[in-house]
Amino acid sequence: RGSVALLREINSISGTLSDVCFYMLFAAIGSTANLGDAIRNGGWHSASSFIFAAVALLVHIVVIITGSLGVEKLFPAFRFFPLGIDEVMVASNAGIGGPVTAAAVAAGMATEEDTTQSRRKGLILAASVWGVVGYAVATFIGVSMSKMLLTRLLNS
């Protein structure tokens, strides 16, 4: 067997292999988390932080779902650029969880109609690119704000 045949075999299983690697990464990260210790040792601050995060995520999900479902009905001019719930959820995940989790969510959104997997590959690429862009923009904003706040704090 030649190297070309071996590469074709690897290419046929690469999608499944990447999914397995993503899930192993998430399992490794999740296995180190101990919510009980975080709540017990953090006092009431950690419990209130968990409640705040849960409420913020719930509000985010409600806004994203109603926005993605209702934007075409409220603004008929936007029909030239339709966004489905899949695209909106992957974009939301890229903004909150970053490129790795968004790519894993996009990989799991394969549909039966997409026999060539082109839509899935497009979602994975978009999730990865925009997740990294989000990291870059958020890092710039965070560093700028911290410099501004530190300058004001030291000058007062």
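The table below gives the values:
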item	result
Residue ID - nearest to GLY98 (Cα to Cα), chosen from residues in the stretch 11-41 that are among the aliphatic types (A, V, I, L, M) and open to solvent by less than 90 Å² (accessible area, probe 1.4 Å)	LEU25
Scope the stretch 50-68; condition at pLDDT below 80 and open to solvent by less than 70 Å² (accessible area, probe 1.4 Å); matching residues	ILE65, GLY67, SER68
Residue among ALA77, ALA103, ALA110 that alone is modelled with pLDDT of 85 or more, out of contact with any Cys (no Cβ under 8 Å at 6 or more places or on another chain) and not β-branched (Val, Ile, Thr)	ALA103
Selected residue [open to solvent by 80 Å² or more (accessible area, probe 1.4 Å), in a helix (DSSP H, G or I) and free of Cβ contacts under 8 Å to residues at least 40 places away in the same chain] from THR139, THR151	THR139
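The values are calculated or read from the model by the stated rules, or taken from the named source; none is laboratory data. Quick caveat: nothing in here was measured; it's all calculated off a predicted structure. Cβ coordinates were reconstructed from backbone atoms using ideal geometry, including for glycine residues, and neighbour counts include every protein chain displayed. Accessible surface is based on the protein model in full, side chains and every heavy atom, while ligands, DNA and RNA are left aside. Shrake-Rupley method; radii C 1.70, N 1.55, O 1.52, S 1.80 Å.
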